[in-house]
1. Given the residues 105, 46, 41, which is the only one that is within 16 Å of ligand 1 (Cβ to nearest atom) and either surrounded by 14 or more Cβ atoms within 10 Å (Cβ to Cβ) or at pLDDT 90 or above (or both)?
2. Report yes if residue 176 is at pLDDT below 95 and assigned to a helix (DSSP H, G or I), otherwise no.
3. Here is a check on your reading of the model: is residue 111 away from ligand 2 (no atom under 16 Å from the Cβ), closer than 17 Å to residue 170 by Cα and touching a helix residue (DSSP H, G or I) at 6+ places or on another chain (Cβ under 9 Å)?
4. Going by the conditions given, is residue 263 over 28 Å from residue 12 (Cα atoms) and in a loop (DSSP other than H, G, I, E, B)?
5. I need the full set of residues from the range 195-237 which are within 16 Å of ligand 1 (Cβ to nearest atom) and either surrounded by fewer than 24 Cβ atoms within 10 Å (Cβ to Cβ) or in a strand (DSSP E or B) (or both), in order please.
6. Among the residues of the range 135-173, write down those that are within 23 Å of residue 33 (Cβ to Cβ), in contact with a helix residue (DSSP H, G or I) (Cβ under 6 Å, 6 or more places away or on another chain) and in a loop (DSSP other than H, G, I, E, B).
7. So which residues in the range 251-279 are surrounded by 18 or more Cβ atoms within 10 Å (Cβ to Cβ) and either modelled with pLDDT of 95 or more or away from ligand 1 (no atom under 16 Å from the Cβ) (or both), if there are any at all?
Ligand code: SF4
Ligand code: MG
């Protein structure tokens, strides 16, 4: 496929002096038109910050984000507003992200107002269409968010994101706060909408099982860095990085036909602070396969097999 988004050496640091938090520390990857790229990692690994930096809700500390070949960091405020129509975000918490004092119609209509896209009767029709598109009753546009269930509120958030007809949506843990029984419905809705509208997704989640059914490719993040990126199938069946192996070992395998025994790999300790990350490989203090070189040299981000990237000394070519 053709890349819609090209991220190059993206860094986002917070703070200064001795307390620099390297939240996003040198990400390089593409997102192809029409695909879903899953972004997985424990909380604090930088996945949400990466999403917000791509959207330019945060200015990058370093690096480039090319959207349709245009560097988002270099856009004027007016150009950025135009481009914002193309890139929308769906948030984790459908309770916190909807204004409780606004009707659902006004919540969904707000982006139409901001971008001057529809007024009066046309606006109302568009809002009703959007409600229908996400499986809600168009008659309910004058209700308030508290009158809806968690899953329905997430549908409202999705309708709002779709109002401006974006091509790319960053879904920041859109199902993490929902009941398990509702999660699959929201994932299926997102998939349907993708097919109907040709959408491209960056789908952020904290656990590999959540991105499995929606992602074409999956990236695993650890401490502000990407440690592995591959086609979903390759990542789940043949993980390379010891951290990915550990995350996968925590997912129960529902299919007994899978012969390979997966033993649960328990990781020592917690994710280290991004203020003072370990030297060398950021995962080395917890890695079951750590070697001497791992504390000395930062492993390079390399394409080890076709389309399968990782950063780990186990796979680096001998020089
Ligand atoms: Fe483990 Fe070393 Fe690979 Fe890091 S580089 S994941 S410490 S083997
Ligand atoms: Mg987050």
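The values are calculated or read from the model by the stated rules, or taken from the named source; none is laboratory data. Computed from a predicted structure; not experimentally measured. Note: ideal-geometry Cβ built from the backbone for every residue, glycine included; neighbour counts use all protein chains shown.
1. Numbers: 105 fails: within 16 Å of ligand 1 (Cβ to nearest atom); 46 fails: within 16 Å of ligand 1 (Cβ to nearest atom).
Only one candidate qualifies: 41.
2. Details: at pLDDT below 95: yes; assigned to a helix (DSSP H, G or I): no.
When the stated conditions are applied, residue 176 does not pass them.
3. On the way: away from ligand 2 (no atom under 16 Å from the Cβ): yes; closer than 17 Å to residue 170 by Cα: yes; touching a helix residue (DSSP H, G or I) at 6+ places or on another chain (Cβ under 9 Å): yes.
Judged against the criteria, residue 111 is a match.
4. Working: over 28 Å from residue 12 (Cα atoms): yes; in a loop (DSSP other than H, G, I, E, B): yes.
In short, yes.
5. Step one: filter the range 195-237 for residues within 16 Å of ligand 1 (Cβ to nearest atom), giving 219-230, 235.
Those that are within 16 Å of ligand 1 (Cβ to nearest atom) and either surrounded by fewer than 24 Cβ atoms within 10 Å (Cβ to Cβ) or in a strand (DSSP E or B) (or both): 219, 220, 221, 222, 223, 225, 226, 227, 228, 229, 230.
6. 163, 164
7. Listed by number, the list holds a single entry, 274.
Residues are listed down the side, and each one gets a yes or a no for (1) crowded, with 18+ Cβ neighbours inside 10 Å; (2) over 16 Å from residue 25 (Cα atoms); (3) out of contact with any helix residue (DSSP H, G or I) (no Cβ under 6 Å at 6 or more places or on another chain):
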position	(1), (2), (3)
283	yes, no, no
287	yes, yes, no
296	no, yes, yes
305	no, yes, yes
309	yes, yes, yes
314	no, yes, yes
